[in-house]
Amino acid sequence: MVGGFIFGKWLGTLIIVFGLSIGATFLYMFANYFLKDLIEEKFSSRFNNLTEKFKENEFTFFLIYRFIGGIPFFISNILPTIFNVKIRNFFLGSVIGMTPQLFVGASLGAGLNKILEENSEAPSLLQLLLTPDIYLPIIGIIILVLIGFLLRKKFYSK
């Protein structure tokens with residue numbers, strides 16, 4: 001939201017997506033090089049069912065993994081070391097998979113900025129919620145959560 005508030009919807013989304021993707025990729029490379037054995041020891045038994053799915057089509061399943069979310073960001077960046085995801089697939093999957101959520105968040109931040117610039121007094125909560133710049137991103141969040149829930153049921157079931 002802060003990126004959208006400061007830089008606007010489009011530029012904010014680009015900055016956030018590439019900043020998070022680059023940082024996540026560096027963390028993945030660090031974890032893959034230094035922490036791989038520890039991560040496999042801690043998590044491999046819990047995610048054995050996903051190993052085969054990642055081997056079938058690494059990029060597609062990593063893209064779905066990034067889109068669905070639900071795992072703390074730090075862990076979601078080191079967990080793919082179990083699946084030996086290629087760095088290129090990790091980066092591109094991060095950029096594409098995180099963009100919808102980050103765009104919605106940046107849109108919400110840009111909407112708040114627009115409302116604050118247009119009003120001399122702070123609007124009420126009801127006025128905020130009835131503004132398209134606010135309620136459309138909130139509807140987007142709800143839709144993304146529903147899509148993520150359906151994808152999780154379909155792809156991550158045993």
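Rule-based calculations on the coordinates, nothing more; no lab input. All of these numbers come straight from a predicted model, not from anything done at the bench. Cβ coordinates were reconstructed from backbone atoms using ideal geometry, including for glycine residues, and neighbour counts include every protein chain displayed.
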Problem - Coarse-grained scattering of the stretch 2-155 at q = 0.10, 0.11, 0.19, 0.20 Å⁻¹, given as base-10 log I(q)/I(0) from a Debye sum over alpha-carbon atoms - result: -0.43, -0.51, -1.11, -1.19
Completion exercise
Residues L79, L112 in order from fewest to most other beta-carbon atoms within 10 Å are L112, L79
Practice task
Putting +1 on Lys and Arg Cβ atoms and -1 on Asp and Glu Cβ atoms, find which of I75, G111, L129 reaches farthest to the positive end of the dipole of the chain.
Solution key: I75
Practice task
Run down the lysines and flag those whose C-alpha is under 30 Å from the C-alpha of K114, throwing out any fewer than 8 positions away in its chain.
Solution key: K9
Fill in the blank from the handout: For 104-111, 21-28, ranked highest to lowest by mean beta-carbon neighbours within 10 Å, the order is 104-111, 21-28
Handout entry: Gap separating the Cα centres of the stretch 111-143 and the stretch 34-60, nearest whole Å
Key = 41
